[in-house]
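A.B. asks: Right, I'll just put the structure down here and ask away after.
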Amino acid sequence: MKIHLKIWRQDNANTPGKMVAYDLDNLSPDMSFLEMLDYLNEQLAAKGERTVEFDHDCREGICGQCALIINGQAHGPEDHYTTCQTHLRTFKDGETIFVEPFRAKAFPVLRDLKVDRGSFDRIIQAGGYISAMTGMAPEANSIPIHHNISESAFDSAACIGCGACVATCKNSSAALFTSAKISHLVKLPQGEVERQERVIMMVNQHDDEGFGSCTHTGACAVACPQEVSLDNIARMNYEYNRALCEIDS
Amino acid sequence: MTGQKGLFSTSVGRKNLMAITGLFLAFFLIIHLLGNLTLLFGTNEEAMEHFNEYSHLLGSLTIIKLVSYALYAAIITHALDALLIILKNQKAHGDKYVSFDASATSPWYSRNMGVLGSIILIFIVLHMGNFWAKYKLGIGAEGLDQFTYDSGETGVNLYKLVVATFKMEWLVGVYVISMIALGYHLYHGVNAATRSIGVYHKKWMKTMETCGKIFAVVISFGFAIVPVVVYFIR
């Protein structure tokens, strides 16, 4: 099949970028989107041009590295997919596809389609941890946890930190990411020790990184490859208000 | 604790303020609508009697006076807080997308709460100019009919003022359009507000979503129907 690409090319964070057109032929509909970009890069390299830089790692939809806006949607037109799991069969033969990096103040473009998502790491550093004894690993089942609660915590923990929520949000808010991390830990007994300070530190860090606030449009949860629920944000808001009431008492 | 910010200064705190003021304003709409509905029933004389007496009763209660000050404060806070949030959110944006399909992931009204809110704010100013300024402040009230209440006091005949106002087609149109904007604002806003203040229980979130949507439809339809009915039957 044939594809017309319009790809965002930008040398570094300080230079302006622009869309550049590339035409590809002889593509298989079963190619993944990233394989198609590999194919393009082979052609560019053969011509001695600078290849298109993009983030990727596992290519199995679990690591959260790949991150593209494809035709105006994070990770492409299908809901709850990562870019690497998007295949060319999703597109029409001869279609023009726009490819852009995730855009937010807190996600500066490093080059082409690659952005710096270090702001997510700093939100985790601010409070996404638990207190644990050092020494021997404790017996795994020594703390009984109800099955429903462990499942619910795991649903929140499913977030792979790709940043599609931020890229899709009209306010560039990282509320879904931050709330998923907070909910994941607060639902479990192990997260109880830092319950109050965690939510306050992580929300503060979220704001300091320059992310916007949540309007509950629900766009993030639609774009999320892991189907992390919007309900996590309501839980974060509850935890935040509760923490403000409890923290100095 | 280090780094703790004020109650309403973080992204979550600002939305708390929006939610509390918004829910208060939404609750007020119920009381307002009850008064309006008296315009729809009975003969012209009965409707005039009920509507004027109800308005006079509300105007003479101290608690209602206090609530009205709270309402003015809530409207101003809701609007200013929205402005602050919008300004901060705009700073969070990166470069604009060349191609972006926002409609694929969220409904249009949820992304345009600011536009809908601005329409409502302009409407409130117009609406208070139409009635409140004449009835309460006497601005432009020269030559308006007077009404004698059961208590013997007299005042501007609000019923006749309403009927005369709603005989202007363009104004009825403006009122109906504004109520459609209000409907969509509530359709998203009531449910979102409950989430902002942290209602997170699965069953309650579902209930709040359903109630918020029914509330929005009933309230906006109820308000929109009044000028239309008055135009045709009074």
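The values are calculated or read from the model by the stated rules, or taken from the named source; none is laboratory data. Bear in mind the structure is a predicted one, so any value in this text is a computation, not a measurement. Here the Cβ positions follow ideal geometry from the backbone for every residue, glycine too, while neighbour counts run over all protein chains shown. With ligands, DNA and RNA removed, areas are computed over all heavy atoms of the protein, side chains included. Shrake-Rupley method; radii C 1.70, N 1.55, O 1.52, S 1.80 Å.
A.B. asks: Check A:LYS92, A:LYS114 and return the single one that is free of Cβ contacts under 8 Å to residues at least 40 places away in the same chain, more than 12 Å from the chain's Cα centre (by Cα) and surrounded by fewer than 23 Cβ atoms within 10 Å (Cβ to Cβ). Write out each step before concluding.
C.D. replies: On the way: A:LYS114 fails: free of Cβ contacts under 8 Å to residues at least 40 places away in the same chain.
The unique qualifying residue is A:LYS92.
A.B. asks: Where the second residue is assigned to a helix (DSSP H, G or I) and of a type in the set (Lys, Arg) and the first is facing chain B (nearest Cβ under 7 Å) and lies in region A:160-174, which pairs have Cβ atoms under 7 Å and are six or more apart or on separate chains?
C.D. replies: Short answer, once both residue conditions are applied: A:LYS170/B:ARG111.
A.B. asks: Among the numbered criteria (1) closer than 18 Å to A:GLY128 by Cβ; (2) more than 7 Å from chain B (Cβ to nearest Cβ); (3) more than 21 Å from the chain's Cα centre (by Cα), which one does A:TYR240 miss?
C.D. replies: Failed condition: (2).
A.B. asks: Between a residue in region A:1-29 that is of a type in the set (Ser, Thr, Tyr) and any residue that is assigned to a strand (DSSP E or B), which pairs come within a Cβ distance under 7 Å, given they are 6 or more apart or on different chains?
C.D. replies: A:TYR22/A:LEU5; A:TYR22/A:ILE7
A.B. asks: Across region A:86-125, which residue is farthest from the other protein chains (Cβ to nearest Cβ) among those that are closer than 24 Å to B:GLN90 by Cβ and among the aromatic types (Phe, Trp, Tyr)?
C.D. replies: A:PHE120
A.B. asks: Scan region A:78-101 residue by residue and report those that are of a type outside the set (Val, Ile, Thr) and farther than 14 Å from A:ILE3 by Cβ.
C.D. replies: Of region A:78-101, the ones of a type outside the set (Val, Ile, Thr) are A:78-81, A:84-85, A:87-89, A:91-95, A:98, A:100-101.
Matches in region A:78-101: A:GLU78, A:ASP79, A:HIS80, A:TYR81, A:CYS84, A:GLN85, A:GLU100, A:PRO101.
A.B. asks: Sticking with this one: Are any residues in region A:181-195 open to solvent by 50 Å² or more (accessible area, probe 1.4 Å) and farther than 14 Å from A:SER156 by Cβ, and if so, which ones?
C.D. replies: Result: A:PRO189, A:GLU192, A:VAL193.
A.B. asks: Can you tell me which residues in region A:126-148 are away from chain B (no Cβ under 13 Å) and surrounded by 12 or more Cβ atoms within 10 Å (Cβ to Cβ)? If you could, list the steps in order and put the result at the bottom.
C.D. replies: Kept after step one, since they are away from chain B (no Cβ under 13 Å), are these residues of region A:126-148: A:128-147.
Across region A:126-148, the qualifying residues are A:GLY128, A:TYR129, A:ILE130, A:ILE145.
A.B. asks: Here's a check for you: in region B:68-111, which residue that is surrounded by 17 or more Cβ atoms within 10 Å (Cβ to Cβ) and in contact (Cβ under 8 Å) with a residue 60 or more places away in the chain is nearest to the other protein chains (Cβ to nearest Cβ)?
C.D. replies: For region B:68-111, the residue satisfying everything is B:SER110.
A.B. asks: Then there is this: What helices (runs of 4 or more DSSP H) completely inside region A:165-249 contain at least 3 residues that are among the hydroxyl-bearing types (Ser, Thr, Tyr)?
C.D. replies: On the way: elements: A:175-186, A:195-208, A:219-223, A:231-246.
Where helices (runs of 4 or more DSSP H) fall fully within region A:165-249 and carry at least 3 residues being among the hydroxyl-bearing types (Ser, Thr, Tyr), they are A:175-186.
A.B. asks: Out of A:ASP38, A:ASP121, A:ASP79, which single residue is under 24 Å from A:SER173 (Cβ atoms), among the acidic types (Asp, Glu), part of a helix (DSSP H, G or I) and open to solvent by 10 Å² or more (accessible area, probe 1.4 Å)? Steps first, answer last, please.
C.D. replies: Details: A:ASP38 fails: under 24 Å from A:SER173 (Cβ atoms); A:ASP79 fails: part of a helix (DSSP H, G or I).
Of the residues listed, the single one that is under 24 Å from A:SER173 (Cβ atoms), among the acidic types (Asp, Glu), part of a helix (DSSP H, G or I) and open to solvent by 10 Å² or more (accessible area, probe 1.4 Å) is A:ASP121.
A.B. asks: Moving to a separate point now. Take the conditions basic (Lys, Arg), surrounded by fewer than 16 Cβ atoms within 10 Å (Cβ to Cβ) and either assigned to a helix (DSSP H, G or I) or under 13 Å from the mean Cα position of the chain (by Cα) (or both) and apply them to B:LYS167. Does it pass?
C.D. replies: no
To keep it simple, each residue is scored yes or no on (1) among the hydrophobic types (A, V, I, L, M, F, W, C); (2) buried (at least 19 other Cβ atoms within 10 Å of the Cβ); (3) in a helix (DSSP H, G or I).
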position: B:ALA133; (1), (2), (3): yes, no, yes
position: B:VAL162; (1), (2), (3): yes, yes, yes
position: B:ALA181; (1), (2), (3): yes, yes, yes
position: B:ALA193; (1), (2), (3): yes, yes, yes
position: B:THR210; (1), (2), (3): no, no, yes
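A.B. asks: Considering only region B:92-123, how many residues are out of contact with any helix residue (DSSP H, G or I) (no Cβ under 7 Å at 6 or more places or on another chain) and not in a loop (DSSP other than H, G, I, E, B)? Spell out the reasoning first.
C.D. replies: To start, the set of residues in region B:92-123 that are out of contact with any helix residue (DSSP H, G or I) (no Cβ under 7 Å at 6 or more places or on another chain) comprises B:92-101, B:103-104, B:107-108, B:112, B:115, B:118, B:122.
Pick out the ones that are also not in a loop (DSSP other than H, G, I, E, B) and you get B:92, B:103-104, B:108, B:115, B:118, B:122.
Selection size over region B:92-123: 7.
A.B. asks: Hey, another quick one. Across region A:104-134, what is the total count of residues that are acidic (Asp, Glu) and more than 21 Å from A:ASN12 (Cα to Cα)? Show your work before the answer.
C.D. replies: From region A:104-134, those acidic (Asp, Glu) are A:112, A:116, A:121; that's our starting set.
Now narrow it down to the ones that are more than 21 Å from A:ASN12 (Cα to Cα): A:121.
Of the residues in region A:104-134, 1 are acidic (Asp, Glu) and more than 21 Å from A:ASN12 (Cα to Cα).
A.B. asks: Looking at region A:201-221, which of its residues are at the interface with chain B (Cβ under 8 Å from one of its Cβ atoms) and either free of Cβ contacts under 8 Å to residues at least 40 places away in the same chain or surrounded by fewer than 24 Cβ atoms within 10 Å (Cβ to Cβ) (or both)?
C.D. replies: A:MET201, A:VAL203, A:ASN204, A:ASP207, A:GLY210, A:HIS216, A:GLY218
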